[in-house]
Structure formats: structure tokens, C-alpha cells
Amino acid sequence: MDRFRMIFQYFQSNSESVMNGICGLLALASVKMYTSFDFSCPCLPQYNMAYGLGIMFVPPVILFLCSLILNRQSLVMLEEWRRPQGCRKKDLAVIRYMCSSIMQRAMVAPVVWIVVTLLDGKCLICAFSGSMDPEKFVGFANVSTVQVQQLLAKVPCKDDELMRNNTSRKAVSRYLRCWSQALGWSILLILIIAAFLARWLRPCFNQATLLQARHWSNYIDIEQKIFEETCCEHSRLLAHKCILHFFESMRQEIKLHSFTLPREGEGTEGEEDFLWGITDQDQVNKFLKTWYYEKPPLDVSQKTQR
Amino acid sequence: MDKFRMIFQFFQSNQESFMNGICGIMALASTQMYSAFDFNCPCLPHYNLAYGLGILLVPPFILFLLGFVLNNNISMLAEEWRRPQGRRGKDPAVLRYMFCSMAQRAMIAPAVWVSVTLLDGKCITCAFCTSVPVETLGNASHPRLSQGEIQRVLARIPCKEIYNGQQLIANEVAIRYLRCISQALGWCFVLLMTTLAFLVRSLRPCFSQAAFLKSRYWSHYIDIERKLFDETCAEHARSFAKVCIQQFFEGMSTDLVAARRHLPRKAPADAGEAAEKLLGITDRGTMNMALKSWHRCKPALQLHPPALPTRNGWAGEGQPPMHPSVPRKETAAYYSWV
């Protein structure tokens with residue numbers, strides 16, 4: 001429990017940590033989506049390639065856009081980019097830093113999807129089974145051209161009646177899966193080496209500029225959060241004052257109209273304050289009706305206290 | 001339990017986070033509903049399309065309306081929209097902002113339902129199995145069946161156990177084809193929704209940031225003002241009820257003193273606080289009478305100024321409150337009984 005609370009607090013404390021958290025969650029979500037998605041290759045000559053490549057590339061675009069949407073910093077960066085200069089200069093280095101950090105985090109989930117797809121192999125088998133050279137495989141070598149396209153297209157479907165006992169189907173499948181997994185591992189290796197180099201070599205170039213950019217991007221983020229919180233606090237105080245003024249003005253009105261009420265002395269604290277001089281059903285009804293039909297103006301400066 | 005409470009507190013701390021929480025819960029609920037739903041294609045020519053499209057489109061509509069119903073802000077929007085202008089101007093930009101933010105959140109669960117349905121494929125397979133291109137996928141040269149017969153055979157594609165058209169078109173081929181189309185539609189739909197959401201979110205800072213800040217502030221203000229007003233009214237009602245009931249009991253006890261020459265008024269002062277709280281009602285019969293009176297003849301919703309300030313009566317008049325207060329209280333109490 002304590003551990004969970006600490007983790008939760010750690011992630012919430014820092015905006016960058018929140019983004020890393022979201023990044024990780026999206027990567028996990030991408031793996032989960034792939035495993036729960038029911039891949040079903042159409043096994044038809046023209047459709048295979050479109051389906052296979054579509055499943056490999058469309059969800060990464062969706063995941064990329066999702067990362068951008070869920071990442072609060074992308075909004076902050078856009079606002080900073082589009083704001084009028086005013087009294088505060090714009091620093092393009094800060095905007096570039098924010099952009100690059102957002103892009104890096106947004107690329108994680110799509111890359112995870114592509115790597116998982118390649119390592120699994122189904123997509124590539126579906127997309128490229130029709131492009132295989134039939135001469136290489138015994139079962140397909142002596143078949144007419146039209147027929148061979150149909151047969152190759154059916155390779156990804158194990159349960160198809162034509163493919164059920166076909167040994168060459170397994171050969172094509174294994175061949176394509178081998179290529180797919182090799183590609184997957186290579187991409188993973190290249191990306192990790194690139195990330196490693198980028199992280200290690202970064203301090204060698206422009207470290208001072210980097211520190212400045214990071215500091216100011218953090219500042220812009222925090223400033224916006226505090227502004228929003230202050231606005232909330234302000235609207236709460238304004239509402240409180242407005243309502244108090246409204247009750248007070250009702251009390252004044254009641255005093256004007258009913259002469260039987262005694263003037264309040266010092267001993268009338270407590271309940272009297274909460275009653276605001278509204279002491280019977282008609283007064284309450286009138287009071288509520290006035291609140292609905294004539295809300296007080298949004299102006300607490302000119303009203304006097306008494 | 002603690003974990004749950006912390007997550008709950010996090011969402012509650014901020015109104016927007018709370019709405020996002022409800023949004024997420026509804027999206028999960030929609031996925032759960034779909035997996036729990038037992039899809040049963042009728043496998044009859046004209047019913048398939050109606051059933052399939054019905055399952056695809058009717059639950060999202062219900063979820064959309066539910067998204068509005070579960071949103072607390074809908075009543076706030078309606079109130080702000082319908083209120084008379086009075087002394088406070090109405091800003092249509094604020095109303096538009098409130099409506100847009102509610103509509104965006106309400107769209108998520110229906111979009112999740114439609115995506116899950118399309119990616120699963122059963123609905124489209126059921127709805128469009130009669131439109132499968134038999135010439136390209138199957139044997140169009142099969143012994144001629146009438147159009148109606150073909151339709152009836154094709155309609156049974158989703159129901160593998162009763163399918164009898166293997167010679168016309170293989171069942172797996174047709175299902176794979178339809179499912180491929182369905183999944184392609186599903187992914188395109190998700191891509192479209194995500195792109196729209198991205199554009200809506202990213203174009204706003206480019207065009208109307210100042211107006212947006214204004215609308216957001218005032219919509220938040222309206223929400224807080226309503227809550228504070230409700231709290232203040234609740235406080236007032238509490239004080240009102242307290243004084244009303246106090247006056248009722250005082251009225252009762254004074255009545256008893258007048259009717260039965262019971263304990264003198266000074267007794268409570270001697271016996272202390274507890275006896276004072278008894279308000280002169282010290283036996284079962286009296287209590288029963290008080291309860292019956294409360295039920296049969298609740299006091300009028302009108303508090304009496306003499307009783308309001310303190311127990312000493314007319315505090316403002318500056319007179320010593322001793323003996324004169326007793327007969328005066330009697331008169332006041334008698335008045336309240338009317």
C-alpha cells in the first residue's frame with residue numbers, strides 16, 4: 001500500500017514523470033491490444049498485402065496520435081508556440097526541446113507495436129506470401145501461374161481445405177516468419193543503439209543550452225498549472241463573495257419592508273448570522289425566486305458592506 | 001482499499017479529472033458489455049441486416065445519452081441556458097464551451113463500442129453476408145439457383161452449423177472476407193476518430209486561446225457558485241429548522257405550564273443544562289402529546305423575532321427581561337399555536 005502510494009505520488013509530482021508513466025502505459029496497452037486483436041488474414045490475392053501492411057502500420061499511427069493527445073505537454077508547447085510575443089520573448093530552443101521530448105515519448109508505443117508485430121510474424125506472412133517465388137518451394141513449382149497465386153495467398157490460413165496437408169505451406173510460413181523475426185530484432189537493436197548513443201553523447205554537445213531549455217520548459221509547464229489553480233481559487237472566492245452579497249442585499253430588503261424585527265445587538269451571533277434575516281416560508285420562496293430570475297451581477301467591487 | 005481510496009480522491013479533487021474518470025469507466029463498461037453480450041445472428045435474409053446494424057448502432061446511441069445523463073454538468077448547462085437574464089448578462093461562448101466539453105466526453109463510450117464491434121467482425125459478417133461477391137470468391141457456375149435461394153443460402157453463412165452452401169462458396173472464405181472488411185473499417189474508424197480528436201485539441205491554441213481561457217473560467221465559476229449557493233442554503237435551512245423546532249418545544253412547555261401549573265419556570269435554571277434541554281417535558285404523557293402535536297399540527301414556517309436572539313426575549317428593547325418576559329412569552333407561544 002505504502003509502496004503503491006509512493007509510486008503514485010512520485011509519478012504525480014513531476015510533469016516529466018507523469019509523461020513517462022503515460023508512455024509506459026500506452027506501450028503496455030499496445031501489447032495488450034495486439035494480443036487481444038483477432039488477426040484473420042483474408043487469404044485472397046489482392047487483399048492480403050493491404051490487410052497485412054494495414055495492420056502493421058495503421059495502429060502505430062493511431063497510437064502516435066493518442067500519445068500526443070494524452071500528453072499535456074504537447075498542448076503547453078503549442079500554446080507557447082502560438083502565443084503573441086507581448087512582453088515576453090519567445091525562445092525557439094525551448095520550443096524545440098519540448099517538441100523533441102514529446103516526439104520521443106510519442107514514438108515508444110508505435111515502435112512497440114511494430115516490433116511485436118514483426119516478432120510474431122503473422123502480418124508479414126499474410127502480406128508477403130503472395131510475393132514468394134514459387135520455384136523455391138516444391139509444392140508450388142509445377143502449378144499454373146493463376147493457380148499458384150491463389151495457393152500462395154492461402155498459405156497464412158492453416159485450416160483452409162487446400163492447405164491443410166500441404167507441407168510446402170509450412171515451408172513458406174517458416175521462411176517468412178524467419179525474415180519477419182530477423183527484421184524485428186534488427187529494428188529493436190538499431191533503435192536501442194540509437195537511444196543509447198543519443199543519451200551518452202548528448203552531454204558532449206551543447207550541455208549548457210540543454211540545461212537552459214529544460215529549465216525553461218519545466219518553468220512554462222509549472223507556470224501554466226499554477227495559473228489554472230489560481231484561477232480556480234479566484235473563482236471560488238468570487239462566487240463566495242457574490243453569494244454573501246446576495247444574501248446581505250436580501251437581508252437589507254427584508255429589514256426595509258418589515259419594521260417588527262428588532263435591531264440586532266451584539267448578542268445576536270450564531271444562528272442569526274446563518275438566517276440572514278430570512279425567517280419565514282414566503283421570504284425563503286421569494287429569496288429563491290430572486291436567485292433564479294435575477295442573479296446578481298458579476299461585480300463585487302462596488303457593493304458596500306452595509 | 002487504501003489504493004482505491006487514493007485513486008478515488010485523485011479523481012475527485014479536480015472536477016475535470018472526475019469527468020475523465022467517469023468517461024474511462026464508461027469506455028471500460030462498454031467493452032465489458034460487448035463481451036458479455038451473446039451475439040446471435042438470425043441467419044435469415046432480411047433480418048440479418050437489421051440485426052447486425054441494430055447491434056452496431058443502437059447501443060452507441062444509448063451510451064451517448066447515458067454519457068449526458070451521468071454528467072453532473074448537464075443540469076448546470078440547462079439552468080444557465082434557461083435562466084432569465086436579470087442583472088447578469090448571458091455569454092453564449094460559455095454555453096458553447098460547456099456543451100462541447102460534455103459532448104466530447106459523451107462520445108468516447110459509443111466510439112469504443114463501434115470500434116470493438118467492427119474489430120470483432122461478427123456484426124458486419126451478419127449484416128452483409130448476403131452481399132458477398134459469389135462470382136469472385138465462389139463458384140458462380142454452380143447449378144443455377146434462383147436469386148431467393150442464393151440469398152437464403154448466403155444468409156446462413158454466419159451460422160456454421162446449418163450452412164449448406166459449401167459448393168456455392170466456402171464458409172471460411174466468406175467469413176474471412178467479411179471479417180477482413182470489417183476490421184479494415186474498424187481500424188479506419190479508430191484512425192478517423194483519433195485524428196479528429198487530435199485536430200480539435202491542437203487547433204484550439206492556434207485560434208482561440210484567449211476566448212477559451214475566458215469560457216473555461218466562467219464555466220468553472222458557474223459550477224462553483226451553484227455549489228456554494230446550495231451549501232449556504234443548506235446552512236440556512238439547518239438554522240431555520242433548529243430555531244423552528246426550538247420554538248415549538250418552548251411553545252409546548254409554556255402551554256403545559258399555563259394548563260397544568262407544572263414546574264415553575266425557575267426550575268430549569270436550578271437543575272442545570274440537562275433539565276433546560278428537557279424544555280419542561282418530563283414524563284411520558286407529555287412527550288406523547290408533544291409528538292402527536294408535531295405530527296398533527298406542525299408549526300408554521302415562520303420564526304418569531306422575540307425568540308430569535310437569545311432566551312432573554314426582547315434583547316433589543318433594553319429592558320430587564322425578568323418577570324415581564326413570562327407573560328409575554330405566553331402570549332407569543334399562544335400566538336404560535338394558531
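Laboratory data are not the source of any read-out in this text; all were calculated from the coordinates shown. As the structure is a computational prediction, the values presented were derived from the model and not from experiment. With ideal geometry, Cβ positions are generated from the backbone for all residues, glycine too; neighbour counts draw on all protein chains shown.
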_Take A:Ile192 and B:Ala237, extend 7 Å from each Cα along the Cα→Cβ direction, and tell me the distance between the two endpoints in nm._
6.4
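How do A:Glu248, B:Glu250 rank when sorted from fewest to most other Cβ atoms within 10 Å of their own Cβ? Kindly include the intermediate steps, with their values, before the conclusion.
Values: A:Glu248 16, B:Glu250 19.
Taking fewest neighbouring Cβ atoms as first place, the list is A:Glu248, B:Glu250.
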*Tell me, what HN-Hα J-couplings in whole Hz come from the Karplus equation 6.51 cos²θ - 1.76 cosθ + 1.60 at θ = phi - 60° for each residue of the stretch B:115-122, using x for Gly and Pro?*
5, 5, 4, 5, 5, 6, x, 5
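Given the rule -39500 (n - 2.57) for each run of at least 4 DSSP H residues, summed and divided by the residues of chain A, what is its mean residue ellipticity at 222 nm, to the nearest 500 deg cm²/dmol?
Estimated from H runs of four or more residues: -24000 deg cm²/dmol.
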*Grab the Cα-Cα distance for A:Met103 and A:Val58, subtract it from 0.36 nm times how many residues apart they are, and report the gain in nm with one decimal.*
14.4 nm
_If the elastic network links every pair of Cα atoms under 10 Å, which of A:Arg169, A:Arg83, A:Arg105 fluctuates the most in the Gaussian network model of chain A?_
A:Arg83
_Computed over the stretch A:1-204: relative contact order in percent, which uses C-alpha pairs under 8 Å that are six or more apart_ = 25
*List the cysteines in chain A whose Cβ has no other cysteine Cβ under 4.7 Å from it.*
A:Cys23, A:Cys66, A:Cys87, A:Cys99, A:Cys123, A:Cys178, A:Cys204, A:Cys231, A:Cys232, A:Cys242
*Would you compute the Debye intensity of the stretch A:209-255 from its alpha-carbon atoms alone, equal scatterers and no solvent, and pass along log10 I(q)/I(0) at q = 0.13, 0.16, 0.19, 0.30 Å⁻¹ to two decimals?*
-0.52, -0.61, -0.69, -0.94
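Would you please classify the overall shape of the stretch B:99-172 from the alpha carbon gyration tensor, given that a ≥ b ≥ c denote the square roots of the eigenvalues, rounded means a/c under 1.5, and beyond that prolate means a/b larger than b/c while oblate covers the rest?
On the way: a/c = 3.86, a/b = 3.28, b/c = 1.18.
In terms of gyration-tensor shape, prolate.
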_B:Leu199 paired with B:Ala103, simple spin-label distance in nm, labels 7 Å along Cα-to-beta-carbon_ = 1.5
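What is the calculated FRET efficiency for A:Asp38 to B:Gln302, with r their C-beta to C-beta distance and R₀ = 51 Å, to the nearest 0.05?
Details: r = 71 Å, r/R0 = 1.39.
The formula returns an efficiency of 0.10 here.
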_Only Lys, Arg (+1) and Asp, Glu (-1) charged, at Cβ; the stretch A:141-202 dipole about Cα centre in debye_ = 260
_At 0.36 nm per residue, and after removing the present C-alpha to C-alpha distance, how many nm does the segment from B:Val58 to B:Asp91 gain when stretched out fully?_
8.4 nm
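May I ask you to sort A:Leu78, B:Leu185 by Cβ crowding, counting other Cβ atoms within 10 Å and putting the fewest first?
Values: A:Leu78 21, B:Leu185 16.
Exposure proxy ranking, most exposed first: B:Leu185, A:Leu78.
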*Send over the Kirkwood Rh of the stretch A:1-204, from the inverse of the averaged 1/r over different Cα pairs, rounded to one decimal Å.*
20.2
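Helix by helix, which DSSP H runs in chain A go 24 Å or more along their axis at the Cα atoms and have an average Kyte-Doolittle hydropathy of 1.0 or more? Let's see the in-between values first.
Values: long enough: A:15-36 (31 Å, 0.79); A:47-70 (33 Å, 1.82); A:167-201 (51 Å, 0.84); A:207-257 (75 Å, -0.41).
TM-like helix candidates: A:47-70.
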*Residue by residue, what Karplus-based ³J(HN,Hα) values in Hz, rounded to whole numbers, does the stretch B:237-254 have, using 6.51, -1.76 and 1.60 with θ = phi - 60° and x for Gly and Pro?*
4, 5, 5, 4, 4, 4, 5, 4, 5, 4, 4, 4, 5, 5, x, 4, 5, 5
_Students often forget the sequence filter, so: which lysines lie under 20 Å Cα-Cα from B:Lys242 once same-chain residues fewer than 8 apart are removed?_
B:Lys277, B:Lys292, B:Lys298, B:Lys329
*Ranked by Cβ crowding within 10 angstrom, fewest neighbours first, how are B:His295, B:His236 ordered?*
B:His295, B:His236
